[in-house]
Every structure is written in C-alpha cells, then in structure tokens.
Amino acid sequence: MKRLALSAVLCLLLGLGRVNAQADPGSENVELAKQLSNPVASLVSVPFQSNWNFGVGPGPDNDTQFLMNFQPVMPFALNKDWNLIARVIVPYLSQPPLTTGGATASGFSDILASGFFSPAQPKHFIWGVGPALSLPVPTEPTLGTGKWSIGPTFVILKQTGHWTYGVLANQLWSFTGDDSRSSVNQLYVQPFGAYTTAKATTYQLSSETTATWLQPSSNTWTVPVIFQVSQLLRLGRRPVSIGAGYGYYVESPDGGPNSKFRVLFTLIFPK
C-alpha cells in the first residue's frame, strides 16, 4: 500500500508538472496560490483533504486509517482595521481496530472551530489570534474525545517574494462532556514553509504535531513531517487548487501511524 501511495504521489507530481506548463502564469493565479498558504488570508476557500494513514492498530496486522477533512475558511471584515477569519475542520474517519479484538468504526470525529482576529493591514508580520472550540459529535468512542474543549489559537507568518513561512498553534482543555472519558489537555503545532513559483505551483514542507499531555510520555507526541505539492489552475473561470503529499511520522504513539499519503482539492472564491 505504501509503494502504491508513493507511486501515486510521483504520478501526480509529474501530472502537476504538465499542468504547470499549461496553467495561466498570470499574477492573479500566483497571488491566489500564495493566499492559500496564508491561514488568515482574506479569501473564501473550501479545502477537501483526504489522508491515508498507514500502520495504524496493534501488532503486525496493522491497517490503514482514512481521514477526510472538510475545512472551509470564511473571512469577515469587522471594520477597516480588523478581520475575523473563521476556520472550521470537519473530519470524517474510517478507523481500523485500535486494540486487539477491537472493532472497526467510521463516522465524523470532533469538529474544531477557530476564529482568528487579524489586522486588515499587517506591517512586518501577518498574524491572528483568537479562540478554538472542539465539539464532540461522534457516537463511536474511538472516533473522538467525548469532551467539549476550548483554548487559545494563534498564527504568525511572513510572506516575502515567493516564500511563505510561519507557525499555527492551539492548546485545548476540556471543560465538560462525558464523565467516563478522559480529560483533554492537547497542544497542536503546525510549522510550515512554502515556495510558490511564477506558474502558481506551491511546494510546502510542514509538520502537524500533536502533544496529548495527559498520556504517558511514550504516547505523548505525534510528529509527522509532510511534503506536498499543489497547483492552482482554473476550471472554466473558477480557480481551484489540486495537490498531493507524503508524510513520515518521526514520532507516533502505540498503534499510531508510521506514514501517510494525502490528496488535496480546494475550491476558491476570490472577491
């Protein structure tokens, strides 16, 4: 399965190279591609991110977990000085057994809603800060935490020339929910660096690191390193972005994944 995923990445990257030769190289496409690398850009976008996580489950008979994230981004102008960027992540999981003798499960996982208050005219750095709220929607215990959680979130980044680099993070603590479930105390950190070419191709290296502080030290950290490539193009007049990526888990809890394959498709609604 891993070889198939790697082959798919290579084939898609070659395809993106051919598309790149045909894509509109105009400055509008390049600017849109750069805005997609900015989590608090004033741009409505609707990403669909499909992930195949390999090596999930106990023992040698581990399996593949499928995760599809629906991630709409909606900016609102509060006044001439401030924007509010609303970001929602709705995950759908197809989960193999996580313990010996366990059962498979599929359905929606916890929904994460974030709001970033960001300056409309940033100076040296682009930044945003605000609240994050996790909503427990799953009925299957293995698909979510069973807890309502809240905490701060922030992003800071720099865009200069073809480059975008920065970090997005949040910290969540549970405050109510199923009393039989463990409390939530979780950190998420996403450092990222991206390079956008003159033909609106973006190469990105990132991590999506999670620390679950209440777990034993051997199970605290999940640290993937992900390389992905995306291409902005147009379907008729509608700009869209397509891409693919591959990730390796430097650190993972017991039964967690060891690598991943990702496919991205983003609808874009410029002003």
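The values are calculated or read from the model by the stated rules, or taken from the named source; none is laboratory data. As the structure is a prediction and not an experimental result, all values here were calculated from the model. Every residue, glycine among them, receives a Cβ derived from its backbone with ideal geometry; neighbour counts consider all protein chains shown. The protein model used for the area step is the full one, side chains on, heavy atoms only, and it has no ligands, DNA or RNA in it. Shrake-Rupley method; radii C 1.70, N 1.55, O 1.52, S 1.80 Å.
Quick notes on this structure:
- Residues in the range 133-147 that are β-branched (Val, Ile, Thr) and in a loop (DSSP other than H, G, I, E, B) were compared, and the one that is most open to solvent (accessible area, probe 1.4 Å) is 139.
- Residue identified as within 26 Å of residue 255 (Cβ to Cβ), within 14 Å of the chain's Cα centre (by Cα) and at pLDDT 95 or above among 186, 204, 190, 171: 190
- Residue within the range 150-163 that is closer than 16 Å to residue 226 by Cβ, open to solvent by 70 Å² or more (accessible area, probe 1.4 Å) and under 18 Å from the mean Cα position of the chain (by Cα) present: no
- Identity of the residue in the range 208-251, small (Gly, Ala, Ser) and in a strand (DSSP E or B), that ends up surrounded by the fewest Cβ atoms within 10 Å (Cβ to Cβ): 211
- Hits in the range 40-75 - residues which are among the hydroxyl-bearing types (Ser, Thr, Tyr) and over 23 Å from residue 229 (Cβ atoms): 42
- Cβ pairs under 9 Å, 6+ apart, first in the range 63-85 and in contact (Cβ under 8 Å) with a residue 24 or more places away in the chain, second open to solvent by 70 Å² or more (accessible area, probe 1.4 Å) and outside any strand (DSSP E or B): 63/104; 64/1; 80/121; 81/121; 84/78
- Residue count for the range 73-110 satisfying the condition of being open to solvent by less than 40 Å² (accessible area, probe 1.4 Å) and hydrophobic (A, V, I, L, M, F, W, C): 7.
- Number of positions in the range 197-207 that are farther than 14 Å from residue 242 by Cα and in a strand (DSSP E or B): 3
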